[in-house]
Every structure is written in structure tokens, then in C-alpha cells.
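A quick write-up on the structure given underneath.
Every number in this text was worked out from the coordinates using simple rules, so none of it is lab data. Since this is a predicted model, take the numbers as computed values, not measurements. As a convention, Cβ positions derive from the backbone with ideal geometry for all residues, glycine included, and neighbour counts pool all protein chains shown.
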Amino acid sequence: MKKEDLDRYLFDYSIELGFCGYGAIPAHLFTMEREYLERSLLNSYNGSMTYLSRNMEIRENPALLLEGARSIIVLLIPYKPAKKQLPEYPGIASYAYGEDYHGLVKERLRMLASKLNLFYPDARYRVFTDSAPIFEKALAVKAGLGFIGRNTLLINKREGLHTFIGVIITDVPLKYNEEIVPGGCGSCRRCLDACPTGALVSEYVLDSRLCISYRTIECKNEEKLLYPEIERAGMIFGCDRCLDACPWTTRGEPTEWPGFLPLKYHNGESILTLDNNEWQSMTEETFSSVFKKSPLSRAGLSKIKSNLNSISKSQKK
Ligand code: SF4
Ligand code: SF4
């Protein structure tokens, strides 16, 4: 089969599966990205996320993840909600309104990748979505799926900023993308101005220790950090301020992936309208049953309640 025909087939099937971006690149080195990450680590911008300093060889050379790897297919997955949560409720980042994306996305990545065996019966592949030490955003840029904004997020000029990235590494040779999308920030600095904590310490540079997203999810020992008290901007899980501030965020349609629709609480109401009291009085049992498939389970109920307390404290000041 000609590479062009396989490319067309995979692209068409990716659309059928609900992906909103497709591009393939050769498996090559990401040396510049490694150097950038190492500089960030030297500044301790990773906070307690020490895993970022591990597997540097794989990060630089993702081909190490599959023997004989030749190609990397990069996919975008749309998660834009039809409606944003109202600001009077304890805030949840929009990517976490529904089910955790890892399982949902991997299932469809496998469906797409398995088609390689129709044409190459011995083809081998592995699928990833935020599940391997690779520079996913850099892969997406090289695959022609967007540019990195000053807020450090991937921006697709048609789909906006509400996209996850999926990756297939395979030993099949493919038709590769040749066009890189030019940057689209121009003279805009809205994301830097919108960040309530100054976590975007300069253009394209994020200090996670100051970022509400890190502080409300990953960070376990806040009191040990350089900045023990930090503004929460009303958020109990994640933060969307620098995403919402971006003019490109109006691009893209609401997601049609059913798993990304807002979860329901046990009484049938949307989790986006749970108020302070409902969060504070929630039991571990209820949390586990409602949020077992949600990204919020990563933080856990006690962390979420402590985030809620931090919001209350900063409101009293
Ligand atoms: S996620 Fe929030 S805190 Fe983090 S850089 Fe963006 S606006 Fe700032
Ligand atoms: S808000 Fe402006 S500067 Fe920031 S990422 Fe979007 S376009 Fe770029």
C-alpha cells in the first residue's frame, strides 16, 4: 500500500473515532526539548514532581519505547465543554468535568492503531496518552497540530486549547507531516496578565510551584514549599485562567465524547453545581462512588477539602 493511501485511511478513521487532529512524524530526537526541561528542573520549577527528572533518555528519544520504532502518530482529542462552570461554585478545571481521559483515549487509540495490522500484519505499536515520559506537546507541534502559546499550552488554530494529546508509536513507515504551524500569539500577553499567581514567570515558562493547577492536585506538602500561601482563584481542582484568557479558546466545538460530559452527583445534580457545604459534608464513601472514574480521584477528597479551606481563608483576608 502506498504511504499516501495509508495516511488517508488512518486520517479518515481517526475522524470517525472522534479525534480532531491527526499527524505523523518520524521517530527522531527531541534534544532541544530535553535541554529546556533540564533548565526548568535546575530552577526547581517542577516542585515535587520528581518523575520529570527521570527517564531523560526516553524523553529525548521516544523511539526507545518500541524496538524498531519508525513513526509516531499524534492525535488530538476534543474535550471542550458546552458550558463552563459558573464562578460561584468551587471551581473544577474543564478537563475534569467528566471521566478521566486516559482510559477513554487509550481505547480509541488502540482501535486506530490496530488498523495498521490490516495492511502490515506484523506491525507493532504502543499507545500513550500522558502515560509515558515523552514531550507530547512538542510531538504535536512537529506533527503540524498547533503551536505552543505563551501560556505553555498547545493551541490548535481550528480546535482551540481544549484538546488532549494521544500518541501511537509504531514500526510502520508512514507519510510524515512537513508543515509546522506558525505561532499565533503575536503581541498578545493576556494569559500572563490573567494568571493570578505569577506562575507564568516569563513567556513560555511555568513555575509549577506557583501554579494553582499543581497546588490543588499534585502538591502534597504545601507548607514545605517556598510559597506556602497561594491564591486559589476559587479553584478546588486545577485552573483554567490562562486557558480561558486566550483569544484562541473560542475555537473548537463542544466535545461529542460522551465520557467528557459533566458527571452527576448521587442525587442527580451536576458535579459543577456542588456548593461549599456539599463538598465539606461529603463522605469518603460518596466521593469514591461518584468520582471513581474522575480525574478528581487523583487528588482525593481530603486534598479537595483542604483546597476549599484555603479558598475560604483567602476570602476572609
Ligand atoms: S493554570 Fe492558573 S495558576 Fe497555572 S499558569 Fe495558568 S492561570 Fe496561572
Ligand atoms: S493568551 Fe495570548 S499570549 Fe497567551 S497563549 Fe493565548 S494568544 Fe498566546
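Got a sec? How would GLU285, GLU229, GLU218 order by Cβ neighbour count within 10 Å, fewest to most?
Placing the least packed residue first, the sequence is GLU285, GLU229, GLU218.
Compute the relative contact order of the range 174-317 as a whole-number percentage, counting only Cα pairs closer than 8 Å that sit 6 or more residues apart in sequence.
This gives 24 percent for the range 174-317.
Lys and Arg at +1, Asp and Glu at -1: add these up for the other residues within a Cβ distance under 15 Å of LEU52 and post the number.
Here the count lands on -3.
Which length gain, in nm to one decimal place, applies between LEU29 and CYS188 when the Cα-Cα distance is subtracted from 0.36 nm times their residue separation?
Stretched out fully, the LEU29 to CYS188 stretch lengthens by 54.1 nm.
Any idea what angle helix 31-42 forms with the longest principal axis of the chain, computed on alpha-carbon atoms, 0 to 90 degrees, nearest 10?
In the chain, helix 31-42 runs at an angle near 20 degrees to the longest axis.
From the P(r) of the chain, could you give the percentage of C-alpha pairs in the tail past 38 Å?
Within the chain, distances greater than 38 Å cover 15 percent of Cα pairs.
Relative contact order of the chain, please, whole-number percent, based on alpha carbon pairs below 8 angstrom and at least 6 residues apart.
24
When the helices in the chain are scored as -39500 (n - 2.57) per DSSP H run of 4 or longer and the sum is shared across all residues, what 222 nm value do you end up with, to the nearest 500 deg cm²/dmol?
Rounded to the nearest 500, it is -9000 deg cm²/dmol.
Per residue of the range 203-220, in order, report the coupling 6.51 cos²θ - 1.76 cosθ + 1.60 (Karplus, θ = phi - 60°) as ³J(HN,Hα) in whole Hz, putting x for Gly and Pro.
Listing the rounded values in order: 4, 6, 10, 10, 9, 4, 4, 9, 8, 4, 4, 5, 5, 8, 10, 7, 6, 9 Hz.
For the residues LYS137, LYS292, LYS175, what sequence is obtained by ranking on other C-beta atoms within 10 Å, fewest first?
Neighbour counts put them in this order, fewest first: LYS292, LYS175, LYS137.
When only DSSP loop residues count, what GluC sites (Glu not before Pro) in the range 108-183 have their Cβ near at most 15 other Cβ atoms within 10 Å?
Filter output for the range 108-183: GLU178, GLU179.
Quick one: which residues, 5 or more positions from GLY21 or on another chain, have an amide H under 5 Å from its amide H? H modelled 1.01 Å from N in the peptide plane, none for Pro or chain starts.
The answer is LEU76.
Taking a point 7 angstrom from the Cα of SER202 along the C-beta vector, which residues in the range 32-55 have backbone N less than 19 Å away?
32-47
Mind giving me the FRET efficiency for SER44 and GLU229? R0 is 25 Å, r the Cβ-Cβ distance, nearest 0.05 is fine.
0.85
Work out, step by step, the length gained on full extension between SER297 and ILE15: first 0.36 nm times the residue separation, then minus their alpha carbon distance; give nm to one decimal.
Answer, rounded to one decimal: 98.5 nm.
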